[in-house]
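Here is the structure we will look at, set down as structure tokens.
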Amino acid sequence: MKKGYIPKDQRKKILLMCDDIRTHSGIATVAKEIVIHTCHHFNWVQIGAAIQHPEAGQRLDISADTQKIVGIEDASVKIYPSSGYGNPTMVRQIMQEEKPDAIFIITDPRYWVWLFQIENEIRRNIPIAYLNIWDDYPAPRYNEAFYESCDLLMGISKQTVNINKLVLGEKAKNKIISYVPHGLNHEIFKPLDKTDIELQTFKKSLYGDKEIEFAVLFNSRNIRRKQAPDTIWAYKQFVDKLDTKQAKKCALVLHTQQVDPNGTDLLKVVEMLCGDDEKYNVIFTPKKYSTEEMNLLYNSTDVQILLTSNEGWGLSLTEAMLVGNPIVANVTGGMQDQMRFEDKKGKWFTPSRELPSNHTKKLTKCGEWAFPVFPVSRSIQGSPPTPYIFDDRCDPSDAANQLYQVWGMGEEARRAKGKIGREWAIGEEAGFTSKKQAERVIENFDLLFDTWKPQTQQHVIKITPLKKKVTQHKLIY
């Protein structure tokens, strides 16, 4: 019997609201892993979102498929496909039909404004839990009403946990706020032997007849904050440090859209930077891969690079670490967690009011698998819904130097450092695995169900407060 197993008729039921767990977005991947690894303890029903969902309006029972995956006979998982994240009418109908014991939401709070507007109606009967993330400081005081509308706040990054507490202030005492980092299946994302036939076939399809000995992987969207052009520029500068023979054995693999209106035309960027010089070996692979194929892709490369200017977590870094690859990443947001910076006491860095982030390079010692690139500038960006957020920009030249360092140590040393990274990622301290993530989710929901009390009277959450809001942490540190 699986540890923590509860018979189906005795389980609490949770209404999950996020991307359809059958799709391949980062949110859907994480949500799917949570459902799969907790369905022995909770029953699940989901409003499964997608753009123009082809099954919108249906009610699907995927319990049998889930049971085959997890090996229990009484899993209960249902999906209500939706074009979008839902609406008050849909939630009210599903609450009446399914009678869930809690609502569990994931993704940016602006998608849930309509839900927060009816939070008092919902929280008279059941609590609201939020697996939340925020990319950067200053602490978003404009999110205060959103955080206050929830009973359980599970922060994906240590930074997010700190932000939740800073924004809520004294109100944080009335919430459960905890650290629940992303977790992936480390039995799928894992190192493969170089002689693996399937891996050799995949590499052949990726590189053709080219003899590639060092490959840099960029696996992310072609959107502005992901800094794909800077990544290409960094790679070019790295290659320019090598002689022609060495350069021809290197490659940059871009698993992203070649052209995206939310980003740029990367083909034109490559053309401008590299021309037709064959020594640069820039390879695009925009194909949508299965999870198993993504493992082959990571195993076909040697280092993952992510220079995002603000990043909540950076799931491709986790995938790379589980495969045993080193990471080159900008020091911002949740990417810091995965580099394991040490504080002055030798402990894993935890942000605070005094030192909310390490993007100012206060700490330099980190995990052996991590090759950090520190931002050289911070600017405040924003939009009317999100008036301010730091944009942490690193110098592509610094990233090029880190790539050169990873290349220069040789394959054996890279593998050794990557192995240390994987062992830490799947270990007890980090726990970036599906199993550990599920344990944390179960622990927090059990505590919520044991301690939560219904809202018995009308209360007001101020969206436009009487007092001006100023930052609650240092901006220069």
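Bear in mind these aren't lab numbers, they're just calculated from the coordinates by the rules spelled out. Keep in mind the model is a prediction, meaning the values are calculated, not measured. Quick reminder, even Gly has a Cβ in these numbers, built from the backbone with ideal geometry, and neighbours come from all protein chains shown.
Summary table
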read-out: Antiparallel bridges, percent of DSSP beta bridges restricted to the chain (to nearest 5); value: 15 percent
read-out: Average Cα contact separation per residue, the chain, under 8 Å, 6 or more apart, as relative contact order %; value: 16 percent
read-out: Under 17 Å from Lys436, Cα to Cα: aspartates and glutamates that are on another chain or at least 8 residues apart; value: Glu33, Glu187, Glu319, Asp337, Glu423, Glu428, Asp446
read-out: Peptides 372-385, 295-308 ordered by average Cβ neighbours within 10 Å, highest first; value: 295-308, 372-385
read-out: Partner lysines for Lys226 [C-alpha distance under 20 Å; skip if fewer than 8 residues away on the same chain]; value: Lys236, Lys268, Lys287, Lys288
read-out: ³J(HN,Hα), Karplus 6.51/-1.76/1.60, whole Hz, each residue of segment 190-196, x for Gly, Pro; value: 7, x, 10, 5, 4, 8, 4
read-out: For segment 205-276 and segment 294-339, distance of Cα centres in Å; value: 16 Å
read-out: Summed side-chain charge close to Tyr85 - residues other than Tyr85 whose Cβ falls under 14 Å, Lys, Arg +1, Asp, Glu -1; value: -2
read-out: Cross-link reach list, lysines versus Lys173, counting only Cα pairs under 16 Å and skipping chain neighbours closer than eight places; value: Lys165, Lys453
read-out: Calculated diffusion of segment 185-341, Stokes-Einstein form, Kirkwood radius summed over Cα pairs, 37 °C and 0.692 mPa s, µm²/s; value: 205 µm²/s
read-out: Ascending count of other beta-carbon atoms within 10 Å, so fewest first, for His41, His24; value: His24, His41
read-out: For the chain, calculated [θ]222 nm from helices alone, where every DSSP H run of n ≥ 4 adds -39500 (n - 2.57); value: -10000 deg cm²/dmol
read-out: DSSP-loop chymotrypsin sites (Phe, Trp or Tyr not before Pro) across segment 1-72, with at most 15 other Cβ within 10 angstrom; value: Tyr5
read-out: Farthest toward positive dipole pole in segment 96-162 [+1 Lys/Arg, -1 Asp/Glu at C-beta], among Val113, Tyr147, Ile126; value: Tyr147
read-out: Length added when fully stretched, Asp61-Thr350, from 0.36 nm per residue minus Cα-Cα; value: 99.9 nm
read-out: Shape box of the chain [Cα atoms, principal axes, largest first, Å]; value: 73, 54, 44
